[in-house]
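These notes concern the structure reproduced below.
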């Protein structure tokens, strides 16, 4: 395919202008980098900033960009979910060491304030004679210097965590696919962390872990435990009403996973409440009547028995 001669010359000029523009852009970029390097190596303020940063041992964040993803299993739970609960859930479980990074971030920001205060109090500046020898005007030198300092003080490795949120629900038939997405800034994250430390921990964990429990998980736990209470041995055949219980309660950080679930009859589950195994050393539940087990004195010494004695004669075997 050939182009008319009338189009060839304008096209050539456009190409030449584009090449010339690219060359000018590269030259200016190189010149700017060179100027930044000169200022970086000769600025007393930048030298002091780097020295103080090293002295105060700033800690690098393990991950300054985080994605929190939550799958919901019903439209109702999708509509109810909110960003604060999702973030608190990650705090409760320190997912991907998010708490560790926030603690580092807050510490780094506090150190940054100390650095800035010391630099301002010292009022250190590069001598004007040095600036003149470098062939810079005072205004240009200080402008570049401030840009470099601003970039150092905004270094994402030390001073920024950005969180991206994504919540989704896909219906079993695949007809409904809905999403909620958003971001949480560094300041919002710190504010949420401070609220979480002052508030009731594990509340979000409990809310989300309860929503994970479904009929499929319940069935698998009951089948694994042979439809038998793991404390008293009562079974569905005995007419016991069976529950699926969190061994480590979700109100204390427990997860809805098979290893943390067990089958209990209704009576044992009510008696257990939100206790864990270590709580049952002197505060266990009688498998016969559901009363508290206590330390008692007997003919042959102390033993653990039912507090409902003499109506119940249960005695724990050693």
Inset, instruction - Could you tell me whether segment 147-162 includes any residue that is surrounded by 12 or more Cβ atoms within 10 Å (Cβ to Cβ), in contact with a strand residue (DSSP E or B) (Cβ under 7 Å, 6 or more places away or on another chain) and not in a helix (DSSP H, G or I)? - result: yes
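Which residue out of 94, 90 is surrounded by 14 or more Cβ atoms within 10 Å (Cβ to Cβ) and either in the same structural domain as residue 254 (by TED's automatic domain parsing) or modelled with pLDDT under 90 (or both)?
It is 90.
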Legend entry - Test set (1) outside any strand (DSSP E or B); (2) within 19 Å of residue 78 (Cβ to Cβ) - residue 166 fails condition number: (1)
Inset, instruction - Look at residue 169 and say whether it is closer than 30 Å to residue 64 by Cβ, modelled with pLDDT of 80 or more and assigned by TED's automatic domain parsing to the domain that holds residue 72. - result: yes
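The values are calculated or read from the model by the stated rules, or taken from the named source; none is laboratory data. Here the structure is a predicted model, which means the values were calculated and not measured. Note that each Cβ is placed from the backbone with ideal geometry, even for glycine, and that neighbours are counted across all protein chains shown.
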